[in-house]
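Participant: What follows is a structure written as structure tokens; I'll ask about it next.
The values are calculated or read from the model by the stated rules, or taken from the named source; none is laboratory data. Bear in mind the structure is a predicted one, so any value in this text is a computation, not a measurement. All Cβ positions, glycine included, derive from the backbone under ideal geometry; neighbour counts span all protein chains shown. The accessibility values were calculated without ligands, DNA or RNA, using every heavy atom of the protein model including side chains. Shrake-Rupley method; radii C 1.70, N 1.55, O 1.52, S 1.80 Å.
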Amino acid sequence: LIEEAYNQEEGVIQYIQAFQYSHQTKEWLYTFTQEIPFPNQTHQLSYVIPVAYTGDPDGERGIGDILLNYRYQLVANDTLAIAPRISVIAPTGDEKKGLGTGATGYQVNLPVSLLLNDKWITHWNLGATYTPNAKDGVHAKQDLNGYNYGASVIYLQSNTFNWMLEYVKTSADTFGEDGSKVKDDAAFINPGFRFAKNFSSGLQIVSGLSFPIGVGPSKDDNGFLLYLSFEK
């Protein structure tokens, strides 16, 4: 759930898949991400394709709004990494089905990663989203705003196995039944782990499992998250 501030090394491309499920609402979200250094590690291009199910009852399934991202490696040394990101959110989801906003959106995020010692790393995020003239397929257009922040602590048990604990808070404008803007707040604590397998060919496969626990406005909304990435 927390974005780390490390761009891909030159010549290395990463393919990331994630699947998140909510026990309470029965909603799920699958995302496919490809990260490409272009032309080197300082500059990274990526895209995120979401596929979602909007939950019971009468849920809708389909592709959501696709993110097109650029990230700049502002700082990268032995202890600190900073990589601000700017994104364009393409209106590829069907707003009538609750899968998109029906308008082009814009997002910024500031990931900061700090190596505390040879066993502990922490990551921090702060971001905002703006979608002008969004629509829900029925009512008048509205400008929608949102923000996110969060942090994680990673314990490096070994070079290939990590324990993880994350906290993330989001707040976003959505449409009410009468077309007015309504705040949708969410907050989760997310404990989990990840495991890497390195191959002599240079391929690295990372798998992970975590269990988002809703707190505050998301109380009782628990679920699980599966993660799988390929990097070469």
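Participant: Counting heavy atoms of the protein chains only and a 1.4 Å probe, report the per residue accessible area for the chain as a whole number of Å².
Facilitator: Values: 12480 Å² over 232 residues.
Per residue, the chain has 54 Å² of solvent-accessible surface.
Participant: Where Lys and Arg each count +1 and Asp and Glu each count -1, what net charge lies around residue 47 among other residues with Cβ under 15 Å from its Cβ?
Facilitator: Details: positive: 71, 85; negative: 3, 35, 65.
My count for the surroundings of residue 47 gives -1.
Participant: Report relative contact order for region 33-124 in percent, whole number only (criteria: Cα-Cα under 8 Å, sequence separation at least 6). All intermediate terms of the calculation are to be shown ahead of the outcome.
Facilitator: Details: 211 pairs, mean separation 19.1, N = 92.
Computed value for region 33-124: 21 percent relative contact order.
Participant: At 1.4 Å probe size, what's the solvent-accessible area of residue 10? Round to the nearest 10 Å².
Facilitator: 130
Participant: Normalising by the residue count of the chain, find the relative contact order in percent from Cα pairs under 8 Å and 6+ residues apart. Let's see the in-between values first.
Facilitator: Working: 693 pairs, mean separation 37.2, N = 232.
Here the relative contact order equals 16 percent.
Participant: May I pose another question? For 71, 85, 61, what's the largest-to-smallest order of accessible area, 1.4 Å probe? Please report the intermediate quantities before stating the final value.
Facilitator: Values: 71 10, 85 35, 61 150 Å².
I get 61, 85, 71, largest accessible area first.
Participant: Another question about this same structure. Lys and Arg at +1, Asp and Glu at -1: add these up for the other residues within a Cβ distance under 14 Å of residue 14 and post the number. Could you put the intermediate results ahead of the total?
Facilitator: Details: positive: 71, 194, 232; negative: 3, 4, 9, 10, 35, 231.
Residues close to residue 14 contribute a combined charge of -3.
Participant: Follow-up question, since we're still on this one. Using the alpha carbon gyration tensor of region 70-127, what are the three equivalent-ellipsoid semi-axes (square root of 5 times each eigenvalue), largest first, in whole Å?
Facilitator: On the way: eigenvalues 224, 32, 9 Å².
Over the Cα atoms of region 70-127, the ellipsoid semi-axes are 33, 13, 7 Å.
Participant: Just add up the charged neighbours of residue 123: K/R +1, D/E -1, any other residue whose Cβ is under 10 Å from the Cβ of residue 123.
Facilitator: On the way: positive: none; negative: 3, 4, 166.
Computed value for this residue: -3.
Participant: Using the Cα centre as the reference, give the magnitude of the dipole from point charges on the C-beta atoms of the chain (Lys, Arg: +1; Asp, Glu: -1; all else neutral), rounded to the nearest 20 debye. Spell out each step's value before the answer.
Facilitator: Details: 16 positive and 25 negative charges, 63 e Å.
Here the chain has a charge dipole of around 300 debye.
Participant: Which whole-Hz ³J(HN,Hα) couplings does region 65-74 yield from phi under the Karplus relation 6.51 cos²θ - 1.76 cosθ + 1.60, θ = phi - 60°, glycine and proline marked x?
Facilitator: Going residue by residue, I get 6, 7, 9, 10, 10, 10, 10, 10, 7, 6 Hz, with x marking Gly and Pro.
Participant: Can you list the HN-Hα couplings for region 129-145, worked out from phi with the Karplus curve (6.51, -1.76, 1.60; θ = phi - 60°), rounded to whole Hz and with x for Gly and Pro?
Facilitator: Those phi angles translate into 10, 9, 10, x, 6, 5, 9, 10, x, 10, 9, 5, 6, 9, 7, 10, 10 Hz.
Participant: Run the 1.4 Å probe and let me know the accessible area of residue 19, rounded to the nearest 10 Å².
Facilitator: Counting only protein heavy atoms, residue 19 exposes about 60 Å² to solvent.
Participant: Ignoring ligands and nucleic acids, what accessible area does residue 219 show with a 1.4 Å probe (Å², nearest 10)?
Facilitator: My reading of the accessible area for residue 219 is about 140 Å².
Participant: So, how do all the Cα-to-Cα distances of region 1-143 break down into 5 Å bins, in percent, from 0 on up?
Facilitator: 2, 9, 15, 18, 19, 15, 10, 7, 4, 1, 0
Participant: Could you go through region 157-165 in sequence order and give the Karplus-derived ³J(HN,Hα) for each residue, using 6.51 cos²θ - 1.76 cosθ + 1.60 with θ = phi - 60°, rounded to whole Hz, and x for Gly and Pro?
Facilitator: My calculation for region 157-165 gives 5, 8, 5, 10, 9, 10, 8, 9, 9 Hz in order.
Participant: Restricting to lysine pairs 8 or more places apart or on different chains, what number in region 24-159 have Cα atoms under 25 Å apart?
Facilitator: Details: 26/96; 26/97; 26/135; 96/135; 96/141; 97/135; 97/141.
Pairs that pass both the separation and distance tests number 7.
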